[in-house]
Amino acid sequence: MPNQRPPGPEGPFAEGTAAPLVPSRPTLAKLRTAAADCKACDLWERGTQTVFGEGPKDARVVFVGEQPGDREDLMGRPFVGPAGALFDNALEAAGLDRRDVYVTNVVKHFKWTATRGKRRLHEKPNQKEITACRPWLDAELAVIAPKLIVCLGATAAQALLGRSFRVTERRGEWIRSSPLAPRVMATVHPSSILRAPDDRARHAQTAQFIEDLKKVAAVLGEK
Ligand code: URA
């Protein structure tokens, strides 16, 4: 039933989250198919499509961003725009291959407001949208059961590590107390590096980002 919210409070989204849509024996393929029809919050009306996570089901590390951007919304794939290009290069510089990792977002529809030229401008998702979408991320993590989770930016970090978590204070630190994975780390969002005031700052921030990713590569390289 594309693009129609079921009537009445007893509809599948009555709880205000995507939980009722999550298949009982989920696989990544089943989750992706189910998420394509998600209307648990209102963002489906604005976005072109659900942008589900992608990567191998046996990935040992899951990277979690905030939400798809303009390009991701059009392509239906996470991190394929300018931030994704920076992310891919940083992964490579750290000795990681994008094809081996799973990449997803806390919120799976693009939230945008105004346009600048042809590009729609991203707007931060609110708590209601994050909560509505959370069952998809939890299901992805349950299917993959990664050894490591890396939160890219504050939205992902606060969703997974608590609202009081500060990336500025704790970036690059392995958190071992999370029920989600044996180790969880938060680092900056690649978009924040793109917003650096000049080349010098951008290079320095990129180098620091690569250092964080090298910690991931080091743990994955451990026997
Ligand atoms: N920013 C994100 O957080 N996720 C994407 O997929 C793209 C940009």
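The values are calculated or read from the model by the stated rules, or taken from the named source; none is laboratory data. Given the structure is predicted, the values throughout are model-derived calculations rather than measurements. Neighbour counts run over all protein chains shown; Cβ positions are idealised from the backbone, glycine included. The area values use the complete protein model at the heavy-atom level, side chains included, leaving out ligands, DNA and RNA. Shrake-Rupley method; radii C 1.70, N 1.55, O 1.52, S 1.80 Å.
Before we move on, is GLY84 surrounded by fewer than 24 Cβ atoms within 10 Å (Cβ to Cβ) and part of a loop (DSSP other than H, G, I, E, B)? No: the conditions fail for GLY84. Here ARG166 meets the list (1) at pLDDT 95 or above; (2) surrounded by 18 or more Cβ atoms within 10 Å (Cβ to Cβ) almost entirely, failing just condition (2). On the stretch given as the stretch 129-174, residues that are more than 16 Å from the ligand (Cβ to nearest atom), β-branched (Val, Ile, Thr) and in contact (Cβ under 8 Å) with a residue 12 or more places away in the chain total 3.
Selection over the stretch 53-95 of residues that are without any contact (Cβ under 8 Å) to a residue 60 or more places away in the chain and among the charged types (D, E, K, R) gives a count of 8.
Just name the residue that is farthest from the ligand (Cβ to nearest atom) out of those in the stretch 68-81 that are out of contact with any strand residue (DSSP E or B) (no Cβ under 7 Å at 6 or more places or on another chain) and open to solvent by 20 Å² or more (accessible area, probe 1.4 Å). Among residues in the stretch 68-81 that are out of contact with any strand residue (DSSP E or B) (no Cβ under 7 Å at 6 or more places or on another chain) and open to solvent by 20 Å² or more (accessible area, probe 1.4 Å), the one farthest from the ligand (Cβ to nearest atom) is LEU74. Of the residues in the stretch 209-223, how many are surrounded by 12 or more Cβ atoms within 10 Å (Cβ to Cβ) and without any contact (Cβ under 8 Å) to a residue 12 or more places away in the chain? Number satisfying all stated conditions: 0. For beta carbons closer than 6 Å, sequence separation of 6+ or different chains, a first residue in the stretch 27-52 that is within 16 Å of the ligand (Cβ to nearest atom) and a second that is part of a helix (DSSP H, G or I) and aromatic (Phe, Trp, Tyr), the qualifying pairs are ALA35/TRP136. For SER177, the conditions (1) modelled with pLDDT under 95; (2) in a strand (DSSP E or B) all hold with the exception of (2). Figure legend. Inter-residue proximity from the stretch 99-128: first residues farther than 27 Å from LEU148 by Cα and open to solvent by 80 Å² or more (accessible area, probe 1.4 Å), second residues of a type in the set (D, E, K, R) and assigned to a loop (DSSP other than H, G, I, E, B), beta-carbon distance below 9 Å, spacing 6+ or different chains. Indicated pairs: HIS122/GLU66; HIS122/LYS111.
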